[in-house]
1. Residue check, ALA113 against (1) more than 21 Å from VAL146 (Cα to Cα); (2) in contact with a Lys or Arg (Cβ under 9 Å, 6 or more places away or on another chain); (3) at pLDDT 90 or above; (4) crowded, with 17+ Cβ neighbours inside 10 Å, all met but one. Which one?
2. Can you tell me which residues in the stretch 82-102 are crowded, with 18+ Cβ neighbours inside 10 Å and either polar (S, T, N, Q) or in a strand (DSSP E or B) (or both)?
3. Pick from ALA89, ALA129, ALA103: which is free of Cβ contacts under 8 Å to residues at least 40 places away in the same chain and either closer than 20 Å to LYS39 by Cβ or touching a strand residue (DSSP E or B) at 6+ places or on another chain (Cβ under 6 Å) (or both)?
4. Residue pairs, Cβ under 7 Å, 6 or more apart or interchain, first in the stretch 38-56 and more than 15 Å from VAL131 (Cβ to Cβ), second in a helix (DSSP H, G or I) and not small (Gly, Ala, Ser). List them.
5. State whether the residues of the stretch 143-152 include one that is surrounded by fewer than 21 Cβ atoms within 10 Å (Cβ to Cβ) and within 26 Å of GLY52 (Cα to Cα).
6. Just give me the residues in the stretch 42-56 being surrounded by fewer than 13 Cβ atoms within 10 Å (Cβ to Cβ) and either aliphatic (A, V, I, L, M) or in contact with a strand residue (DSSP E or B) (Cβ under 9 Å, 6 or more places away or on another chain) (or both), in sequence order.
7. Considering the stretch 45-70 alone, what residues qualify as being under 25 Å from ILE148 (Cβ atoms) and assigned to a loop (DSSP other than H, G, I, E, B)?
8. Would you point out which residue out of THR41, THR5, THR36 is modelled with pLDDT of 60 or more, polar (S, T, N, Q) and either touching a Ser or Thr at 6+ places or on another chain (Cβ under 6 Å) or part of a loop (DSSP other than H, G, I, E, B) (or both)?
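The values are calculated or read from the model by the stated rules, or taken from the named source; none is laboratory data. Because the structure is a prediction, the values reported are computed rather than measured. For neighbour counting, all protein chains shown are included, and Cβ atoms are generated from backbone atoms with ideal geometry for every residue, glycine included.
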Amino acid sequence: MQTYTSGLSRRGFVKGMMSIIALSAMPFKLLARSATAFKATTTKDVYKELFGDLPMVGSSDIELKIPDIAENGAVVPVTVSTSIPNAEAIYVIIDQNPNPLSASFHLTPLIPAEISIRVKMGKSSMVQALVKTADKVYTTGQEVKVTIGGCGG
């Protein structure tokens with residue numbers, strides 16, 4: 001009777017599985033932090049959850065494209081792009097929404113730092129685009145007037 005051995009020891013198999021488990025747990029920490037921030041009801045709480053004590057500065061290196069007047073708050077197009085080096089994430093915050101954090105995108109160096117989405121706005125509000133790097137958060141914003149509300153209004 002012939003037996004087959006794969007060349008993979010039990011110890012090698014366990015090490016490999018532990019590596020996979022460790023690597024897969026990392027995104028869940030990021031998702032958990034974002035999940036808490038998405039539940040926050042004030043902009044201040046969103047900042048605290050996402051950025052902790054990182055300094056926030058205004059930046060002209062973020063391009064926020066959003067209409068000045070949104071005819072229908074249920075579908076408001078938003079595009080955010082940036083040339084800030086080493087951008088790790090882009091966030092969209094709508095101050096007057098019941099839950100201000102509207103979008104969260106984690107970036108890699110392999111993709112351009114540009115996102116396009118559609119958001120709901122319950123009423124006229126400041127819309128902020130934030131770009132996070134390892135040591136700072138860069139911001140820009142624009143006031144948007146909503147004629148027909150989209151968050152239950």
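1. Among (1) more than 21 Å from VAL146 (Cα to Cα); (2) in contact with a Lys or Arg (Cβ under 9 Å, 6 or more places away or on another chain); (3) at pLDDT 90 or above; (4) crowded, with 17+ Cβ neighbours inside 10 Å, the lone unmet condition for ALA113 is (2).
2. In the first step, residues of the stretch 82-102 are kept if they are crowded, with 18+ Cβ neighbours inside 10 Å; the result is 82, 87, 89-94, 97, 100-102.
If the condition is that a residue be crowded, with 18+ Cβ neighbours inside 10 Å and either polar (S, T, N, Q) or in a strand (DSSP E or B) (or both), then THR82, ALA89, ILE90, TYR91, VAL92, ILE93, ILE94, ASN97, LEU101, SER102 are the ones that fit.
3. Working: ALA89 fails: free of Cβ contacts under 8 Å to residues at least 40 places away in the same chain; ALA129 fails: free of Cβ contacts under 8 Å to residues at least 40 places away in the same chain.
Just one listed residue meets the conditions, ALA103.
4. Filtered contacts from the stretch 38-56: ALA40/VAL46; ALA40/GLU49; GLU49/ARG33; GLU49/THR36.
5. First, pick out the residues of the stretch 143-152 that are surrounded by fewer than 21 Cβ atoms within 10 Å (Cβ to Cβ): 143, 145, 147-152.
Right, trim to within 26 Å of GLY52 (Cα to Cα) and you get 143.
Within the stretch 143-152, one or more residues are surrounded by fewer than 21 Cβ atoms within 10 Å (Cβ to Cβ) and within 26 Å of GLY52 (Cα to Cα).
6. Start the filter on the stretch 42-56 by keeping residues that are surrounded by fewer than 13 Cβ atoms within 10 Å (Cβ to Cβ), which leaves 42, 44, 52-53, 55.
Once the filter is applied, which keeps residues that are surrounded by fewer than 13 Cβ atoms within 10 Å (Cβ to Cβ) and either aliphatic (A, V, I, L, M) or in contact with a strand residue (DSSP E or B) (Cβ under 9 Å, 6 or more places away or on another chain) (or both), the stretch 42-56 yields only PRO55.
7. Residues satisfying the conditions are ILE66, PRO67, ASP68.
8. Values: THR5 fails: modelled with pLDDT of 60 or more; THR36 fails: either touching a Ser or Thr at 6+ places or on another chain (Cβ under 6 Å) or part of a loop (DSSP other than H, G, I, E, B) (or both).
Exactly one of THR41, THR5, THR36 is modelled with pLDDT of 60 or more, polar (S, T, N, Q) and either touching a Ser or Thr at 6+ places or on another chain (Cβ under 6 Å) or part of a loop (DSSP other than H, G, I, E, B) (or both), namely THR41.
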